[in-house]
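The values are calculated or read from the model by the stated rules, or taken from the named source; none is laboratory data. All figures in this text were calculated on a predicted structure; none of them were measured in a lab. So basically every Cβ, Gly included, is an ideal-geometry build from the backbone, and we count neighbours across all protein chains shown.
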Amino acid sequence: MDQAYHIFQKNRRFSLLTGISSCGGDWKVVNKNGMISLRSFKGLMYFWAICFLIVGIIFIIAPHAVLLLINQYGSLLHFTERIPLNVEYFWLALAGSMMMVISYLSYKGGQDPSNHVAIRAVLICKLASSLFFLIGAVRTHNELYLIGTAVDFMIFTVIFFFYNGIKV
């Protein structure tokens, strides 16, 4: 039991390993490296839920604006390639729906940090999209896709770091 991470509450101890709990007040997450606030983790997951929802809506409402923004950012970074503007609404529907799902999963992870399925699904989505952006950069010889890799991998890393502080 000493190796398990525990969430402590005033007069309450809940082990993520065993699922055993009793009753109490302020949440703290304790691991071998110190303490991470459960409130901070919840706030982080709610923050990402809102971000994914807003970006998903922007994907659906203004897909060209997103691509124009990425292309302008690429120009500032002196990338020579551009992502072509198109009206591939089939892929847009899939990307928009994925953003809605990842927003919901982030919300559920913030609501209940012991919901490992929701949090791990968010991590899988962000890691997979990072990989797919990288593959896109290689296959199209367009380094601008690396911006997507950098952004999504940063999101993956932040969530993973906080999640590791509270998981078994």
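Computed values, structure above
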item	result
Among the residues listed as 119, 147, the single one being touching a helix residue (DSSP H, G or I) at 6+ places or on another chain (Cβ under 9 Å), more than 20 Å from residue 37 (Cα to Cα) and crowded, with 17+ Cβ neighbours inside 10 Å	147
Filter result (surrounded by fewer than 19 Cβ atoms within 10 Å (Cβ to Cβ) and among the aromatic types (Phe, Trp, Tyr)) within region 154-168	160, 161
Hits in region 39-81 - residues which are of a type in the set (A, V, I, L, M), more than 27 Å from residue 106 (Cβ to Cβ) and part of a helix (DSSP H, G or I)	76
Qualifying residue in region 82-93 (condition: in a helix (DSSP H, G or I) and buried (at least 16 other Cβ atoms within 10 Å of the Cβ))	no
Among residues of region 45-83, those that are β-branched (Val, Ile, Thr) and more than 25 Å from residue 140 (Cβ to Cβ), counted	4
Any hit, region 130-138, residues being touching a helix residue (DSSP H, G or I) at 6+ places or on another chain (Cβ under 9 Å), among the hydroxyl-bearing types (Ser, Thr, Tyr) and either surrounded by fewer than 14 Cβ atoms within 10 Å (Cβ to Cβ) or at pLDDT 95 or above (or both)	yes
